[in-house]
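Right, one structure below, let's go through it.
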Amino acid sequence: MKSVMSITPADDAAICRIIQCVGAEFGAVGEGFGPSDAEVQCMSCHYRPENNSRYFVARLNGEIVGGAGIAPLGNICELKKLFLLPGARGHGLGRQLAEACLAFATERGFTACYLDTLGNMTAAIRLYEQLGFQHLEAPLVASEHGGCDVWMLKQLNHREHAC
């Protein structure tokens, strides 16, 4: 059984370990990479609707196996820290996490979503392309992860609200 839901304080330690472990698997270690950000120690403290951000965790058979977040980046938003343990890949959880983040971003009125990642995260890049992200030639100025070598942007469609 798999599920995706908003992070709670009880999930912080598990998602911190996952982000750091998966980051290390792909060489995202040290300054300039998301797993080294201070927020990783307490994701539920940093990703909150009142901050116009949200972090989702994925569970497989009751265990936290990954997560992804959305947060403001200037006047657009950024898809952040989408990481899944190896055994959780291939179950559609990455797509569910990304779609939950993008739905939140659209609800909040963001017009575009940025992400940065590593070229060796090929499955993630394929997912982002399938979701409509377009490759950029360089990172956005506001980006804080200088160690990444792939940058992407997706325009967000806003639904008209019925009266």
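The values are calculated or read from the model by the stated rules, or taken from the named source; none is laboratory data. Quick caveat: nothing in here was measured; it's all calculated off a predicted structure. As a convention, Cβ positions derive from the backbone with ideal geometry for all residues, glycine included, and neighbour counts pool all protein chains shown. Calculation scope for accessible area: heavy atoms of the full protein, side chains included, ligands and nucleic acids excluded. Shrake-Rupley method; radii C 1.70, N 1.55, O 1.52, S 1.80 Å.
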Top-ranked residue in the range 34-60 [being more than 24 Å from G90 (Cα to Cα) and hydrophobic (A, V, I, L, M, F, W, C); ranked as most open to solvent (accessible area, probe 1.4 Å)]: A38
Checking A124 against (1) at pLDDT below 95; (2) exposed (fewer than 15 other Cβ atoms within 10 Å of the Cβ); (3) in a helix (DSSP H, G or I), the condition it does not meet: (2)
Total residues in the range 94-111, condition surrounded by fewer than 17 Cβ atoms within 10 Å (Cβ to Cβ) and of a type in the set (A, V, I, L, M, F, W, C): 1
Selection from the range 61-71 of residues that are closer than 21 Å to T111 by Cβ and either crowded, with 24+ Cβ neighbours inside 10 Å or not aliphatic (A, V, I, L, M) (or both): A68, G69, I70
The one condition in (1) open to solvent by 50 Å² or more (accessible area, probe 1.4 Å); (2) in contact with a Lys or Arg (Cβ under 7 Å, 6 or more places away or on another chain) that G74 fails to fulfil: (2)
Cross-chain or 6+ apart pairs with Cβ under 8 Å, the range 114-130 first and under 16 Å from V22 (Cβ atoms), then of a type in the set (D, E) and in a helix (DSSP H, G or I): none
Filter result for A28 (of a type in the set (G, A, S), surrounded by 18 or more Cβ atoms within 10 Å (Cβ to Cβ), within 22 Å of R95 (Cα to Cα) and over 14 Å from the mean Cα position of the chain (by Cα)): yes
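Can you tell me which residues in the range 94-114 are assigned to a helix (DSSP H, G or I) and of a type outside the set (A, V, I, L, M, F, W, C)?
Step one: filter the range 94-114 for residues assigned to a helix (DSSP H, G or I), giving 94-107.
The answer is G94, R95, Q96, E99, T106, E107.
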Residue match in the range 152-160 (condition: at pLDDT 95 or above, within 13 Å of the chain's Cα centre (by Cα) and either charged (D, E, K, R) or within 17 Å of D37 (Cα to Cα) (or both)): no
Of all residues in the range 127-139 being touching a strand residue (DSSP E or B) at 6+ places or on another chain (Cβ under 7 Å) and among the hydrophobic types (A, V, I, L, M, F, W, C), the one that is surrounded by the fewest Cβ atoms within 10 Å (Cβ to Cβ): A138
Qualifying residue in the range 86-93 (condition: in a helix (DSSP H, G or I), touching a residue at least 60 places away in the same chain (Cβ under 8 Å) and open to solvent by 30 Å² or more (accessible area, probe 1.4 Å)): yes
